[in-house]
Amino acid sequence: EATSIAFSISSLAFMPIYGLHIAVSVLVGERLGENRDELASRVAITALQIALAYMLFISLLYVLVPSLFLHGFFRHSEQPVADQKAVQAMAAVLLQFVAAYNLLDATQMVFVGALKGAGDTRFLLYVSLVLSCLLAAFSVLSVQVWQLSIFGCWTLIIFWCLIAAVTYALRFRQGKWRL
(Lines give C-alpha, C1' and ligand atoms only; values in the text may rest on other atoms or scores of the structure.)
Protein backbone atom coordinates (compact mmCIF):
# COMPACT_ATOMS: atom_id res chain seq x y z
CA GLU A 1 0.00 0.00 0.00
CA ALA A 2 2.83 2.41 0.84
CA THR A 3 4.51 1.70 -2.50
CA SER A 4 1.29 2.39 -4.37
CA ILE A 5 0.88 5.68 -2.51
CA ALA A 6 4.49 6.69 -3.20
CA PHE A 7 4.11 5.98 -6.93
CA SER A 8 0.83 7.93 -7.02
CA ILE A 9 2.49 10.92 -5.38
CA SER A 10 5.46 10.54 -7.71
CA SER A 11 3.19 11.26 -10.66
CA LEU A 12 2.75 14.81 -9.33
CA ALA A 13 6.37 15.45 -10.17
CA PHE A 14 6.48 13.26 -13.26
CA MET A 15 3.62 14.71 -15.31
CA PRO A 16 4.93 18.29 -15.69
CA ILE A 17 8.32 16.89 -16.69
CA TYR A 18 6.61 14.71 -19.27
CA GLY A 19 5.09 17.89 -20.72
CA LEU A 20 8.55 19.43 -20.78
CA HIS A 21 9.83 16.28 -22.51
CA ILE A 22 7.32 16.81 -25.33
CA ALA A 23 8.18 20.51 -25.60
CA VAL A 24 11.90 19.72 -25.83
CA SER A 25 11.22 17.18 -28.55
CA VAL A 26 9.29 19.70 -30.63
CA LEU A 27 11.73 22.58 -30.08
CA VAL A 28 14.84 20.52 -30.81
CA GLY A 29 13.22 19.20 -33.99
CA GLU A 30 12.32 22.72 -35.09
CA ARG A 31 15.80 24.10 -34.40
CA LEU A 32 17.44 21.24 -36.26
CA GLY A 33 15.05 21.80 -39.15
CA GLU A 34 16.36 25.36 -39.28
CA ASN A 35 19.97 24.03 -39.25
CA ARG A 36 20.52 25.61 -35.84
CA ASP A 37 21.93 22.65 -33.93
CA GLU A 38 23.67 24.85 -31.36
CA LEU A 39 20.32 26.40 -30.46
CA ALA A 40 18.79 22.92 -30.30
CA SER A 41 21.47 21.97 -27.80
CA ARG A 42 20.76 25.08 -25.72
CA VAL A 43 17.04 24.24 -25.73
CA ALA A 44 17.83 20.84 -24.20
CA ILE A 45 20.24 22.23 -21.60
CA THR A 46 17.81 24.98 -20.59
CA ALA A 47 15.00 22.46 -20.31
CA LEU A 48 17.25 20.26 -18.17
CA GLN A 49 17.94 23.17 -15.83
CA ILE A 50 14.21 23.88 -15.51
CA ALA A 51 13.42 20.20 -14.94
CA LEU A 52 16.13 19.79 -12.31
CA ALA A 53 15.09 22.94 -10.46
CA TYR A 54 11.46 21.80 -10.40
CA MET A 55 12.37 18.26 -9.34
CA LEU A 56 14.72 19.53 -6.65
CA PHE A 57 11.93 21.66 -5.21
CA ILE A 58 9.41 18.81 -5.28
CA SER A 59 11.98 16.36 -3.91
CA LEU A 60 12.77 18.65 -1.00
CA LEU A 61 9.06 18.81 -0.20
CA TYR A 62 8.84 14.99 -0.36
CA VAL A 63 11.67 14.73 2.17
CA LEU A 64 10.91 17.70 4.44
CA VAL A 65 7.09 17.67 4.54
CA PRO A 66 5.82 14.30 3.28
CA SER A 67 2.58 14.78 5.21
CA LEU A 68 1.69 17.52 2.72
CA PHE A 69 1.29 14.78 0.10
CA LEU A 70 0.22 11.87 2.31
CA HIS A 71 -2.61 13.54 4.20
CA GLY A 72 -5.19 13.08 1.43
CA PHE A 73 -4.66 9.33 1.30
CA PHE A 74 -5.73 8.84 4.91
CA ARG A 75 -8.45 11.42 5.51
CA HIS A 76 -11.40 9.08 5.03
CA SER A 77 -9.72 5.74 5.46
CA GLU A 78 -11.57 2.97 7.21
CA GLN A 79 -8.30 1.36 8.20
CA PRO A 80 -7.48 1.21 11.92
CA VAL A 81 -5.46 4.24 13.02
CA ALA A 82 -2.42 2.12 13.92
CA ASP A 83 -2.37 0.61 10.42
CA GLN A 84 -2.78 4.06 8.86
CA LYS A 85 0.17 5.39 10.82
CA ALA A 86 2.36 2.42 9.80
CA VAL A 87 1.50 2.81 6.12
CA GLN A 88 1.95 6.57 6.33
CA ALA A 89 5.36 6.17 7.99
CA MET A 90 6.47 3.68 5.33
CA ALA A 91 5.16 5.91 2.52
CA ALA A 92 7.09 8.86 3.97
CA VAL A 93 10.30 6.82 3.81
CA LEU A 94 9.51 5.70 0.27
CA LEU A 95 9.05 9.33 -0.76
CA GLN A 96 12.72 9.77 0.09
CA PHE A 97 13.50 7.15 -2.54
CA VAL A 98 11.22 8.98 -4.97
CA ALA A 99 13.12 12.18 -4.20
CA ALA A 100 16.36 10.36 -5.01
CA TYR A 101 15.22 9.17 -8.43
CA ASN A 102 13.30 12.33 -9.38
CA LEU A 103 16.41 14.15 -10.57
CA LEU A 104 17.56 11.13 -12.54
CA ASP A 105 14.12 10.74 -14.07
CA ALA A 106 14.05 14.41 -15.08
CA THR A 107 17.47 14.07 -16.70
CA GLN A 108 16.56 11.05 -18.75
CA MET A 109 13.20 12.49 -19.81
CA VAL A 110 14.71 15.75 -21.09
CA PHE A 111 17.44 13.96 -23.03
CA VAL A 112 15.01 11.40 -24.45
CA GLY A 113 12.86 14.31 -25.64
CA ALA A 114 15.88 15.98 -27.25
CA LEU A 115 17.02 12.78 -28.94
CA LYS A 116 13.49 12.04 -30.11
CA GLY A 117 13.17 15.53 -31.58
CA ALA A 118 16.49 15.04 -33.34
CA GLY A 119 15.24 11.82 -34.93
CA ASP A 120 17.62 9.52 -33.02
CA THR A 121 14.76 7.05 -32.68
CA ARG A 122 16.62 3.85 -33.53
CA PHE A 123 18.97 4.43 -30.58
CA LEU A 124 15.99 5.22 -28.34
CA LEU A 125 14.23 2.04 -29.44
CA TYR A 126 17.20 -0.21 -28.74
CA VAL A 127 18.04 1.38 -25.42
CA SER A 128 14.42 1.33 -24.24
CA LEU A 129 14.19 -2.38 -25.09
CA VAL A 130 17.40 -3.10 -23.15
CA LEU A 131 16.34 -0.94 -20.21
CA SER A 132 12.88 -2.55 -20.10
CA CYS A 133 14.40 -6.02 -20.02
CA LEU A 134 16.88 -4.88 -17.38
CA LEU A 135 14.09 -3.53 -15.18
CA ALA A 136 12.08 -6.73 -15.59
CA ALA A 137 15.14 -8.82 -14.71
CA PHE A 138 15.89 -6.59 -11.71
CA SER A 139 12.31 -6.97 -10.54
CA VAL A 140 12.31 -10.76 -10.73
CA LEU A 141 15.78 -11.13 -9.25
CA SER A 142 15.17 -8.68 -6.43
CA VAL A 143 12.04 -10.45 -5.20
CA GLN A 144 12.48 -14.10 -6.10
CA VAL A 145 16.24 -14.66 -6.05
CA TRP A 146 17.86 -12.00 -3.90
CA GLN A 147 14.77 -11.65 -1.65
CA LEU A 148 15.47 -7.98 -1.09
CA SER A 149 13.48 -5.90 1.32
CA ILE A 150 11.23 -3.14 0.06
CA PHE A 151 14.15 -0.76 0.50
CA GLY A 152 16.42 -2.98 -1.59
CA CYS A 153 13.82 -3.04 -4.37
CA TRP A 154 13.51 0.74 -4.31
CA THR A 155 17.30 1.05 -4.38
CA LEU A 156 17.29 -1.02 -7.57
CA ILE A 157 14.76 1.41 -9.07
CA ILE A 158 17.14 4.27 -8.32
CA PHE A 159 20.03 2.32 -9.85
CA TRP A 160 17.94 1.64 -12.98
CA CYS A 161 17.06 5.36 -13.25
CA LEU A 162 20.77 6.17 -12.94
CA ILE A 163 21.61 3.82 -15.80
CA ALA A 164 18.90 5.40 -17.97
CA ALA A 165 19.88 8.98 -17.16
CA VAL A 166 23.58 8.37 -17.80
CA THR A 167 22.92 6.49 -21.04
CA TYR A 168 20.74 9.22 -22.53
CA ALA A 169 22.93 12.07 -21.26
CA LEU A 170 26.03 10.45 -22.79
CA ARG A 171 24.26 9.92 -26.10
CA PHE A 172 23.21 13.57 -26.13
CA ARG A 173 26.70 14.75 -25.20
CA GLN A 174 28.20 12.52 -27.87
CA GLY A 175 26.42 14.69 -30.45
CA LYS A 176 25.46 11.97 -32.96
CA TRP A 177 21.94 13.40 -32.89
CA ARG A 178 23.24 16.52 -34.68
CA LEU A 179 23.94 14.56 -37.91
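The values are calculated or read from the model by the stated rules, or taken from the named source; none is laboratory data. The structure displayed is predicted, hence computed values, not measured ones. So basically every Cβ, Gly included, is an ideal-geometry build from the backbone, and we count neighbours across all protein chains shown. Calculation scope for accessible area: heavy atoms of the full protein, side chains included, ligands and nucleic acids excluded. Shrake-Rupley method; radii C 1.70, N 1.55, O 1.52, S 1.80 Å.
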Stokes-Einstein translational diffusion, the chain - Kirkwood Rh over all Cα pairs, 0.890 mPa s, 25 °C, in µm²/s: 139
- line: Among A106, G152, L124, the residue whose Cα sits farthest towards the positive end of the charge dipole of the range 63-155 (+1 at Cβ of Lys and Arg, -1 at Cβ of Asp and Glu, taken about the Cα centre) is L124
query: Can you give the calculated 222 nm mean residue ellipticity of the chain, where each DSSP H run of n ≥ 4 adds -39,500 (n - 2.57) and the sum is split over every residue, rounded to the nearest 500 deg cm²/dmol?
result: -29500 deg cm²/dmol
- request: Report, in degrees rounded to the nearest 10, the 0 to 90 angle that the Cα long axis of helix 121-140 makes with the longest principal axis of the chain.
  value: 20
field: HN-Hα J in Hz across the range 24-38 - Karplus 6.51, -1.76, 1.60, θ = phi - 60°, x for Gly and Pro
entry: 4, 4, 5, 5, 5, x, 5, 5, 5, x, 8, 6, 10, 5, 5
Average accessible surface area per residue within the chain, 1.4 Å rolling probe, Å²: 55
- request: Quick one: accessible surface of E1, probe radius 1.4 Å, all protein chains present, in square angstrom to the nearest 10.
  value: 120
Heavy-atom accessible area order for D120, D83, largest first, 1.4 Å probe: D83, D120
statement: Heavy-atom accessible area of the range 1-128 with neighbours in place, 1.4 angstrom probe: carbon+sulfur share in percent works out to 64
statement: In nanometres, the difference between 0.36 nm per residue of separation and the alpha-carbon distance of I45 and S149 is 33.7 nm
